[in-house]
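The values are calculated or read from the model by the stated rules, or taken from the named source; none is laboratory data. Here the structure is a predicted model, which is why all the values come from computation and not from measurement. Positions of Cβ are generated from backbone atoms using ideal geometry, with glycine treated the same way; all protein chains shown enter the neighbour counts.
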Amino acid sequence: GAVVSQHPSRVICKSGTSVKIECRSLDFQATTMFWYRQFPKKSLMLMATSNEGSKATYEQGVEKDKFLINHASLTLSTLTVTSAHPEDSSFYICSVHRSGSSYNEQFFGPGTRLTVL
Amino acid sequence: LAKTTQPISMDSYEGQEVNITCSHNNIATNDYITWYQQFPSQGPRFIIQGYKTKVTNEVASLFIPADRKSSTLSLPRVSLSDTAVYYCLVGDMNTGFQKLVFGTGTRLLVSP
């Protein structure tokens with residue numbers, strides 16, 4: 001299956017700082033990537049759809065100025081949590097969609113654990 | 001997107017067969033059913049996908065009745081390493097199944 005990486009895997013920051021999380025599709029080009037957030041013992045919640053070369057599409061209730069998404073190339077999407085606060089502490093996961101094979105499936109990254117002090 | 005309902009949790013023992021049922025009463029004609037597995041602090045991993053009847057791969061089977069309003073993920077002879085959360089999702093294959101909406105998932109605990 002496709003390989004998706006995220007960097008960093010874990011980050012701790014002070015309240016008020018900005019944190020950038022990278023998501024890379026390592027073995028195929030992805031025009032669309034997705035960003036999810038997951039709180040402890042909860043399900044994944046889709047935050048936004050990252051579109052290469054255009055603006056991201058945000059889900060209802062997700063602040064686009066708070067969570068900046070840049071998809072500058074076909075293999076890289078970044079999520080920047082601006083002016084992070086403790087309530088932004090969560091597990092952030094990206095995914096890429098791949099079609100054309102026997103299945104349509106999404107491949108998920110390993111996730112990034114953000115802790116805001 | 002069709003909403004799914006699964007049991008919150010299930011318990012099993014090593015070597016047993018585990019069946020997790022998912023309800024999706026308003027599944028659309030073009031929707032496929034996909035199951036993902038997630039271990040703690042990891043991203044979900046694709047397990048199996050199907051449209052109707054039965055699908056089997058090296059790790060699981062997926063049973064889908066004729067009305068497609070439910071589906072059952074079957075894990076044969078589970079081991080401790082199968083302890084994870086299992087998510088059932090439905091989506092339109094024609095639109096690329098891109099926008100995934102995760103339900104609560106089923107937390108499976110396998111004990112010795």
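A:L76 falls short on exactly one of the conditions (1) over 14 Å from B:L100 (Cα atoms); (2) in contact with a Ser or Thr (Cβ under 6 Å, 6 or more places away or on another chain), and that condition is (2).
Checked against the criterion of being within 12 Å of chain A (Cβ to nearest Cβ), at positive phi, of a type outside the set (F, W, Y) and surrounded by fewer than 21 Cβ atoms within 10 Å (Cβ to Cβ), the candidates B:S41, B:S9 yield just one match: B:S41.
Taking region A:93-117 as the region of interest, how many residues are farther than 22 Å from A:G53 by Cα and either modelled with pLDDT of 95 or more or in contact with a His (Cβ under 7 Å, 6 or more places away or on another chain) (or both)? Total meeting the criteria: 8.
From A:V11, A:V3, which residue is of a type in the set (A, V, I, L, M) and at pLDDT 95 or above?
A:V11
Residues that are farther than 13 Å from A:R37 by Cβ and either part of a strand (DSSP E or B) or of a type in the set (D, E) (or both) within region A:53-74 comprise A:T57, A:D65, A:L68, A:N70, A:H71, A:A72, A:S73, listed in sequence order. Screening B:L75, B:L80 for residues that are over 11 Å from the mean Cα position of the chain (by Cα) and either at pLDDT 95 or above or within 9 Å of chain A (Cβ to nearest Cβ) (or both) leaves exactly one candidate, B:L80.
Residues are listed down the side, and each one gets a yes or a no for (1) touching a residue at least 40 places away in the same chain (Cβ under 8 Å); (2) within 9 Å of chain B (Cβ to nearest Cβ); (3) under 26 Å from B:F39 (Cβ atoms); (4) surrounded by 15 or more Cβ atoms within 10 Å (Cβ to Cβ):
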site: A:T49; (1), (2), (3), (4): no, yes, yes, yes
site: A:A72; (1), (2), (3), (4): no, no, no, no
site: A:T75; (1), (2), (3), (4): yes, no, yes, yes
site: A:H85; (1), (2), (3), (4): yes, no, no, no
site: A:Y92; (1), (2), (3), (4): yes, no, yes, yes
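Considering B:D31, B:D92, B:D67, B:D11, the condition of being acidic (D, E) and within 25 Å of A:G109 (Cβ to Cβ) is satisfied by B:D92 alone.
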